[in-house]
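Input: a single structure, listed below in structure tokens.
The values are calculated or read from the model by the stated rules, or taken from the named source; none is laboratory data. Note that this is a predicted model, so its numbers are computed, not measured. Virtual Cβ from ideal backbone geometry, glycine too; neighbours counted across all protein chains shown.
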Amino acid sequence: MLAPRVALISALELSIRPIRESFDRLWPEAMRINLLDDSLSADRQADGVLTEAMIQRFLELGRYAVRHARADAVLFTCSAFGEAIEAVARDLDVPVLKPNEAMIAEAVALGGSIGLLATFAPTLDSMMLEFPPGMDIEPRLAPGALAAAERGDFAEHDRLAAAAATAFGGRATIALAQFSLARAAPAVEAATGARVLTTPDCAVRALRERLKA
């Protein structure tokens, strides 16, 4: 049986390494197709809302991944684009995962109080809407962490993420809302003692189950 082909569509170059490392550890047999458009996050932030033009761009990326790159599944690694990714899922006849979909499912299954940490503010706005009503979720931004990572100061990125996470207090679970945040998981766990969920690990586990690999 041929290994499944999974298209990974990213809006930040920083998201590519975390998902690659998760596949290397959890599903090395899968073939990966990497598509990067690093103007997506800049345009999303500049627009302030998710526009119809942005949704159309996502549809075109999804169609390219399946019709031309022959992907068996599509995983978007970019947060803050929930409605656009849902449009892709309706448009294609292969599994399509939002970056945080699998992590939210794991968090819901665990239950209890959850701290949601992000370094990109629009991610928190969109992701809070994806949790079931009534869940005890506290969103928190790690100011300066994304800028540190973008200039290559990953130690500072991890330090700022861990420092922000300590403000969650006694939350049982901390969910790191972006793929680019996954690298900070050990620092966050050490600083808080909480269970830490990352989007790439949860996504790889979910995709492997869906494709029965």
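For this structure, a couple of remarks:
- For the stretch 131-143, taking the residues that are in contact with a helix residue (DSSP H, G or I) (Cβ under 9 Å, 6 or more places away or on another chain) and surrounded by fewer than 14 Cβ atoms within 10 Å (Cβ to Cβ), the one that is farthest from Ala164 (Cα to Cα) is identified as Pro132.
- Hey, Leu2 within 23 Å of Phe131 (Cα to Cα) and assigned to a loop (DSSP other than H, G, I, E, B) or not: no
- Any hit, the stretch 190-206, residues being buried (at least 20 other Cβ atoms within 10 Å of the Cβ), over 16 Å from the mean Cα position of the chain (by Cα) and within 21 Å of Leu36 (Cβ to Cβ): no
- Only residues that are surrounded by fewer than 17 Cβ atoms within 10 Å (Cβ to Cβ) and either basic (Lys, Arg) or over 17 Å from Glu189 (Cα atoms) (or both) were counted in the stretch 145-175, giving 5.
- Among residues of the stretch 91-110, those that are exposed (fewer than 15 other Cβ atoms within 10 Å of the Cβ) and closer than 15 Å to Glu130 by Cα, counted: 3
- Remark: pairs (first residue in the stretch 122-151, more than 17 Å from Leu14 (Cβ to Cβ); second residue of a type outside the set (A, V, I, L, M, F, W, C); Cβ separation under 6 Å; 6+ apart in sequence or on different chains) = Leu124/Pro139; Ser126/Gly82; Met127/Asn100; Met128/Pro139; Asp136/Ser113; Glu138/Gly115.
- Residue in the stretch 114-124 that is over 30 Å from Ala53 (Cα atoms) and of a type in the set (Phe, Trp, Tyr) present: no
- The set of residues in the stretch 34-61 being part of a helix (DSSP H, G or I) and among the small types (Gly, Ala, Ser) consists of Ser41, Ala42, Ala46, Ala53.
- Top-ranked residue in the stretch 64-90 [being outside any helix (DSSP H, G or I) and among the aliphatic types (A, V, I, L, M); ranked as surrounded by the fewest Cβ atoms within 10 Å (Cβ to Cβ)]: Ala69
- Output for the stretch 177-191, where each listed residue is among the aliphatic types (A, V, I, L, M) and without any contact (Cβ under 8 Å) to a residue 60 or more places away in the chain: Ala184, Ala185, Ala187, Ala190, Ala191
- For the stretch 25-49, a residue qualifies if it is touching a residue at least 60 places away in the same chain (Cβ under 8 Å) and surrounded by 13 or more Cβ atoms within 10 Å (Cβ to Cβ), and the qualifying residues are Leu26, Trp27, Ala30, Ser41, Arg44.
- Positions within the stretch 7-24 being surrounded by fewer than 17 Cβ atoms within 10 Å (Cβ to Cβ) and either in contact (Cβ under 8 Å) with a residue 12 or more places away in the chain or not assigned by TED's automatic domain parsing to the domain that holds Val88 (or both), in sequence order: Glu13, Arg17, Arg20, Glu21
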